[in-house]
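Remarks on the structure that follows.
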Amino acid sequence: MISPRLFKLLLFFALGLISLQLLSGIWLFIEKYGLTPGEVYLYFAGDEANFIMAKSVEGLLETAVPHFVAVSATIFVYAHFLLFTKEISEKRKQLLIFGLFLTALIDIFSPLGILYGCELFAWLKVLSFWGFEILMGVLLYMLFSLYLLQKRA
Amino acid sequence: MKFLVSKNLHANPNYTLLLGFFAVMLLLYFAGDLFYLANFFGHTPLAVLQTLRGDLDAFVEPLSLASLLEHLHVSLFLAILAIFTTMAIVLRLNLQFRHKQLLILVSMSSLFLASLSLLGTYFFCDALVYAYLFFTLLWHLGASYALALILFELWVKKA
């Protein structure tokens, strides 16, 4: 039998560490790409007037490919804790999991659209990135309140 | 936590073999990560500061914020995954409550503090480099010790 106190301790640190990792991702996004869709578009598509080189497909894949594993593993590891609780309806759980994977996929693929000159994809990149971060925040908050705040989980 | 099929680590010989080699690979990751960090940042406080701040005399450019964040983002992810799975197995070991509690507390809090002190060294204070080196060494040692205990229970102690 696993001690519930040890389980809670492990989950507490796991939530803290992944929050730090997500924050580093947000910071990196702002530092590298900027905050607005215009800045994001310029980062990927380049701008001759400002001597910004357009990114290559190889460069995009170098970032995108590891993210397929990393993002899916993170969602899987953390969201699987939702399966053990009945306090959230099945529909909400499904909506959250679907939303996480959908926003992650749009976030990963949208730079390819920007590279082919469509500015709309810069908007999609920004919206999906923030959507993913917000949904991850919701998931972590749910786990925190379900397993660490309540006496019976 | 349902990372493992069974709560009994000796449920099946193949399971023991599988978990054992998984632990060996993670042990190699923790050891390799220390070498990688020593190579990337340096293994002395002065070398780490030189990497972060640069050194005009030695023609070393300062590390850009984007590079630092990229490093933190990737290494933290790998470390979380490795340490989380290690501690999930630790929960199933035949150890005293306090022993397990200390292992989780020391390893995971040091990983957290190592990341924060690296950022602190970059932005605020050179003295935090000592905290960075100390906590980095501590979480690697804590996690490696946990894996050594797992291997001992799986392959030496038997059921």
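Every read-out reported here was derived from the displayed coordinates using simple, explicitly stated rules and does not represent laboratory data. Because the structure is predicted, anything quoted here is derived from the model rather than measured. Cβ coordinates were reconstructed from backbone atoms using ideal geometry, including for glycine residues, and neighbour counts include every protein chain displayed.
Quick check: convex hull of the Cα atoms in chain B, volume per residue, rounded to a whole Å³? The partial results should precede the final answer.
On the way: hull volume 17.7 nm³, N = 159.
Measuring per residue, one finds 111 Å³ for the Cα hull of chain B.
Under the rule of -39500 (n - 2.57) per DSSP H run of 4 or more residues, summed and divided by the residues of the protein assembly as shown, what mean residue ellipticity at 222 nm is obtained, to the nearest 500 deg cm²/dmol?
Values: 10 runs with 225 residues, N = 312.
Dividing the helical sum by the residues of the protein assembly as shown leaves -25000 deg cm²/dmol.
For a footprinting-style exposure proxy, rank A:F121, B:F35 by other Cβ within 10 Å, fewest first.
On the way: A:F121 24, B:F35 10.
The order, fewest Cβ neighbours first, is B:F35, A:F121.
Mind checking which of A:K86, A:K32, A:K125 has the largest fluctuation in a GNM of chain A, springs on alpha carbons under 10 Å?
Result for chain A, Cα springs under 10 Å: A:K86 fluctuates most.
Among A:F13, A:F44, A:F101, which one shows the highest mean-square fluctuation when chain A is modelled as a Gaussian network with alpha-carbon springs under 10 Å?
Per the Cα network of chain A with a 10 Å cutoff, A:F13 tops the list.
Specify the longest stretch of chain A that does not include any exposed loop site, a site being one of the GluC sites (Glu not before Pro) with a non-H, G, I, E, B DSSP assignment and at most 16 other Cβ atoms within 10 Å. Could the numbers behind the result be given before it?
Numbers: sites that count: A:E87, A:E119.
Longest gap between qualifying sites, sites excluded: A:1-86.
About the Cα centre of the range A:4-149, how large is the charge dipole given +1 on each Lys and Arg Cβ and -1 on each Asp and Glu Cβ? Please answer in debye to the nearest 20.
On the way: 9 positive and 11 negative charges, 177 e Å.
Here the range A:4-149 has a charge dipole of around 840 debye.
Could you tell me the largest-minus-smallest coordinate of the C-alpha atoms of the protein assembly as shown on each of the three principal axes, in descending order and whole angstroms?
Cα extents, longest axis first: 70, 58, 36 Å.
Which listed residue (A:T36, B:S67, B:L26) has the Cα farthest towards the positive end of the charge dipole for the protein assembly as shown, taking +1 on Lys and Arg C-beta and -1 on Asp and Glu C-beta about the Cα centre?
Towards the positive end, the residue furthest out is B:L26.
Can you give the mean number of other chain Cβ atoms that lie within 10 Å of the Cβ atoms in peptide A:60-70? Please report the intermediate quantities before stating the final value.
Working: counts 0, 0, 0, 1, 0, 0, 2, 0, 0, 1, 5.
Mean shielding count: 1.
With a ≥ b ≥ c the root eigenvalues of the C-alpha gyration tensor of the range A:4-149, is it rounded (a/c under 1.5), prolate (a/b larger than b/c) or oblate?
Cα axes put the range A:4-149 in the prolate bin.
Specify the inter-centroid distance of the range A:26-68 and the range B:70-120, based on alpha-carbon positions, in whole Å.
32 Å
Work out the length of the dipole vector of the protein assembly as shown about its Cα centre, built from +1 on the beta-carbon of each Lys and Arg and -1 on the beta-carbon of each Asp and Glu, and round it to the nearest 20 debye.
Details: 19 positive and 18 negative charges, 454 e Å.
Using only the charged Cβ atoms, the result is roughly 2180 debye.
Please identify the DSSP H helices in chain B that span no less than 24 Å along the helix axis (Cα) and have a mean Kyte-Doolittle hydropathy of 1.0 or more.
Details: long enough: B:13-40 (40 Å, 1.37); B:65-90 (36 Å, 1.93); B:97-123 (39 Å, 1.10); B:128-151 (34 Å, 1.75).
Within chain B the helices that satisfy the rule are B:13-40, B:65-90, B:97-123, B:128-151.
Could you work out the local net charge near B:L69, counting Lys and Arg as +1, Asp and Glu as -1, over the other residues with Cβ closer than 11 Å to its Cβ? Don't skip to the end; give the middle numbers.
Working: positive: A:K32; negative: A:E31, B:E70.
Here the charged neighbours net out to -1.
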